[in-house]
Amino acid sequence: MRRADYVVKRVGAAILTTYVAVTVNFIIFRALPGTAVTNMSHVPDSGLGLQRALAREFGLNHSLLTQYGLYLWQLLHLNLGVSFDNQQPVVSNLATDLLNSIPMVTLATVFSVLLGIATGVIAAWRRDTALEHVSVVPALGFYATPVQWLGMIIIILFSSYLPTTGRTDPYLINPTFIQHWADVMEHMLLPSLTLGLVLYGQYTLIVRSAMLETMGEDYVLTAKAIGYSNGRIVRRFAFRNAMLPVVSVIALSLGFIVGGAILVETVFNWPGIGYAVYQAVLERDYPMLQGAFLLLTVSVIVCNLLADLVYFKLDPRISAR
């Protein structure tokens, strides 16, 4: 029953948070001067007829309360409106952009997690040695580096060896399936490397801190007294418990990274969610911005919920309460 109560509470909190985020997302864009269709001089053929049609499409000719009800009703049907830029449904645009962002972000996350865990464990295991400084100092340096600056430096260093812009080579005519994905991977390496290098520092610091805290626990001291080697203590006792806070950080990072990749995707012209947000800002594409903000917010909430559920599974102290 305790487990069921925990899950129900977390899911309920996530649903309530999502509702609040949806409401705030509605208010933010209605708080702007005018409406989303009053200034469309940048849109081709944006006559009065198009503005009225879009106002009817988004229900902007109704009261705010009616607009809010229509907004919630449309969300239930996964209708986020039509993009001003390409006149396509926002859901379709976001789905395409998200499918482009996920592989790049996933590759960057895997790289940063593996490198961060390795350097964090080494730093804690070899505390107060030169090996700790070699592990921690570069992590701090990359963590403090502006991602757009690092991206430009990587472009300068590797532009002769790997593609630095776009997702595919436009001059690759009729590629096979393998050729296509090999081309995508080549274009993905540099933006993933940039994002991964900036992110791995936080995992290094968190793992190091968690490992040092765990190494001071009574059961670790008992294992040392029994005669276990340091390597066996790290592998068998300290490492697993030290991973608990890392699980939470990884899950939360997955939600934030999608939005945090805006600068990386812009520098490398990677056609993902971040680049779509950048283009929507330039084009004043309010429906795309509203849909993207909602997607990024919900992704953080969902990842936070997953972190809570995984943490509950890994930490027996929670289920014992």
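For Val82, list long-range residues whose amide hydrogen, built 1.01 Å from N in the peptide plane, is under 5 Å from its own amide hydrogen.
Under 5 Å from the amide H of Val82: Val90.
Send over the per residue convex hull volume for region 90-319, Cα only, as a whole number of Å³.
154
Obtain the nm distance between the two label points defined at Ala182 and Arg126 by a simple spin-label model: each point lies 7 Å from its Cα along the Cα-to-C-beta direction.
3.8
I want the local charge near Val302. Using Cβ-Cβ distances under 14 Å, sum +1 for each Lys or Arg and -1 for each Asp or Glu among the other residues.
Working: positive: Arg10; negative: Asp308.
Neighbour charge sum, excluding Val302 itself: 0.
Calculate the dipole size of region 90-319 relative to its Cα centre from +1 charges on Lys and Arg beta carbons and -1 charges on Asp and Glu beta carbons; express the result in debye to the nearest 20.
Values: 12 positive and 14 negative charges, 168 e Å.
In total the dipole reaches around 800 debye.
Which Rg and Dmax, in Å, describe the Cα atoms of region 73-117?
15.7, 45
For region 90-319, what relative contact order do you get, as a whole percent, if you take Cα pairs closer than 8 Å and at least 6 residues apart?
Answer for region 90-319 is 29 percent.
Can you work out the FRET efficiency for the pair Asn86 and Leu65, with r the C-beta to C-beta distance and R0 = 35 Å, to the nearest 0.05?
0.65
What's the ranking of 130-139, 78-87 by average number of surrounding C-beta atoms within 10 Å, highest first?
Per-residue mean Cβ counts within 10 Å order the peptides as 78-87, 130-139.
Values in this text are rule-based calculations from the coordinates and carry no lab data. Note that the coordinates shown come from a computational prediction; the quantities given were computed from them, not determined experimentally. Every residue, glycine among them, receives a Cβ derived from its backbone with ideal geometry; neighbour counts consider all protein chains shown.
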